[in-house]
Amino acid sequence: MIDVAANDEGAIYVVELMRPAPDGLQDKTAEAMSALFGDAALNSDYIDVIYPGMLEDMSLPKLIRFGYDMPISDQDAELLRGLIGVVVLVLSKAFNGKATKIDLPSDGRLVAILQEGKTMSAPKPVKSRAAEGAIAHGDAPVKKTSDAAMSGRIATVALLVMFFLVAVMIWIAG
C-alpha cells in the first residue's frame, strides 16, 4: 500500500512489478494505470516506466541521481540495483497535491520512497562592525525636505513672464 499525504513534495515512489507489465503501461494508458494503481487519479506525466534491460549504459540509482536530481543513500542504491522486474517511478507531483491511498496488486511492491532531505538551519549571526548596536529612533538621520516643488513654481512663473515679454516685443515690432 502507498499512503501519500496531501501536498507531498519532492518524493519518488519506486514500485516494482514481479509480472509482465499490463498492456499499455509504457504508453501510460488509463487502463494500464488503473490495473496498477486502481482508481487513484494520477497525473501520468509524472510517472515513468523502466523495463528490464532498458538501462544498458547506467544503473537505476544513477538514473535517479542524475536524471531526477535526487540524492540516494548507499543503502537505497544497493536496494535499487537488485530490482529485476518492471520498475515504475511515481513522482509526488503525480498525486496532484491530494492525499492518496493506493493498494498495489499482489505482484507489485513499494520498494522505496526516495526523498531529498529538507534541511533548515538557523540564520548565522553577523559578526561585523556594521552589525553592532542599534539605531534608536532619535539617532536616525533626518531626511531633508525637498525644495523641488518651490523651484518648479518659480520656473513656471519665470517662463510665463518671459512669454509675456516676448509677446509684447512682437506686438510692438509688428
Please report, as a whole percent, how much of the solvent-accessible surface of the chain comes from carbon and sulfur atoms (probe radius 1.4 Å).
58 percent
Surface accessible to a 1.4 Å probe, per residue, for the residues of the chain, Å²:
73 Å²
Ignoring solvent entirely, what values of log10 I(q)/I(0) come out of the Debye formula for region 47-121 at 0.16, 0.24 Å⁻¹ when each Cα is a single scatterer?
-0.68, -1.37
FRET efficiency for D57 and A99 from the Cβ-Cβ distance with R0 = 35 Å, rounded to 0.05, comes out at 0.40
Using 7 Å Cα-to-Cβ label points, what is the D107/V157 separation (nm, one decimal)?
9.7 nm
Per-residue ellipticity at 222 nm attributable to helices in the chain (runs of n ≥ 4 DSSP H, -39500 (n - 2.57) apiece, nearest 500 deg cm²/dmol) works out to -8000 deg cm²/dmol
Over the chain, equivalent-ellipsoid semi-axes from the Cα gyration tensor in Å
71, 28, 16
Give me the net charge for the shell around D45: Cβ to Cβ below 9 angstrom, other residues only, Lys and Arg +1, Asp and Glu -1.
+2
Region 1-50 - Rg and Dmax from Cα coordinates, angstrom:
11.3, 32
Length gain on complete extension for the stretch V126 to D23, per 0.36 nm per residue less the alpha carbon to alpha carbon distance?
31.0 nm
For region 158-174, take each phi angle, set θ = phi - 60°, evaluate the Karplus expression 6.51 cos²θ - 1.76 cosθ + 1.60, and give the result in whole Hz per residue in order, putting x for glycine and proline.
4, 5, 5, 5, 5, 4, 4, 5, 5, 5, 5, 5, 5, 5, 5, 6, x
When only Cα pairs under 8 Å and 6 or more residues apart are kept, what is the percent relative contact order across region 1-119?
56 percent
Please report the net charge: other residues with Cβ closer than 14 Å to the Cβ of I64, K and R +1, D and E -1.
-4
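The values are calculated or read from the model by the stated rules, or taken from the named source; none is laboratory data. What you are looking at is a predicted structure, and each value in this text was computed from that prediction instead of being measured. With ideal geometry, Cβ positions are generated from the backbone for all residues, glycine too; neighbour counts draw on all protein chains shown. Remember, those area values only see protein heavy atoms, side chains included, never the ligands or the DNA or RNA. Shrake-Rupley method; radii C 1.70, N 1.55, O 1.52, S 1.80 Å.
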